[in-house]
Amino acid sequence: MEIKNIEKLLEPFIWNDAAGLTTKSLGEAAGSEKIYVNIDSVPPKAYSTRYHSHSQQEEFFLILSGTGTIRLNDEEITVRKGDFIAKPAGKNITHTFYNSSDEMLTILDIGTNETEDTCYYPDEDMYMQKSNGVRRIFKGTDLNASWAPDPNPSKSEN
């Protein structure tokens, strides 16, 4: 085990997007296996993620600095430094943070690393399924409700 320092975090553990959102993957850098620990820095007028829920991944968020809004099951709630929330898995709890202020919104984001998980993005009706190291992304309207795993389908299903 080695002590790491956030100020000396190597580039492979820092992710940035075009809007200026930065995620520092502290847990991964430290060698964590069962949980992830991230610091998300959300710039003004940007989102932390797309609005989504998880089937298996449990999450916990602590606002380290700034103010913003969490959209939680279509309710918008103001969050500020010191606020925290747990988001259990498999409860269809949809969420995203939006930085509605003029200062950086910094969030401690901790959760479980799951080999199997399905994220649902209701605004786009999209699913991202993670299984055995493969990600599959598909639209909800592509779901086939008529198929069944019955090994002996009726003759009308053939």
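The values are calculated or read from the model by the stated rules, or taken from the named source; none is laboratory data. What you see is a predicted model; the values in this text were computed from it and never measured. We place every Cβ from the backbone using ideal geometry, glycine too, and count neighbours over all the protein chains shown.
Summary of computed values
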| read-out | value |
| --- | --- |
| Residue that is more than 24 Å from N73 (Cβ to Cβ) and surrounded by 13 or more Cβ atoms within 10 Å (Cβ to Cβ), where the choices are A18, A46, A30 | A30 |
| Evaluation of T96 against (1) of a type in the set (S, T, Y); (2) closer than 28 Å to I137 by Cα; (3) out of contact with any His (no Cβ under 9 Å at 6 or more places or on another chain) (one fails), failing number | (3) |
| Any hit, region 66-75, residues being farther than 22 Å from D17 by Cβ, among the hydroxyl-bearing types (S, T, Y), modelled with pLDDT of 95 or more and in contact with an Asp or Glu (Cβ under 7 Å, 6 or more places away or on another chain) | no |
| Subset of region 128-150 [in a strand (DSSP E or B) and either of a type in the set (K, R) or modelled with pLDDT under 85 (or both)] | K130, R135, R136, K139 |
| Odd one out for I70 among (1) in contact with a Phe, Trp or Tyr (Cβ under 8 Å, 6 or more places away or on another chain); (2) surrounded by 17 or more Cβ atoms within 10 Å (Cβ to Cβ); (3) in a loop (DSSP other than H, G, I, E, B) | (3) |
| Odd one out for K91, checked against (1) in contact with a Ser or Thr (Cβ under 9 Å, 6 or more places away or on another chain); (2) not in a loop (DSSP other than H, G, I, E, B) | (2) |
| Residues of region 129-141 classified as touching a Phe, Trp or Tyr at 6+ places or on another chain (Cβ under 9 Å) and over 15 Å from A89 (Cα atoms), total | 5 |
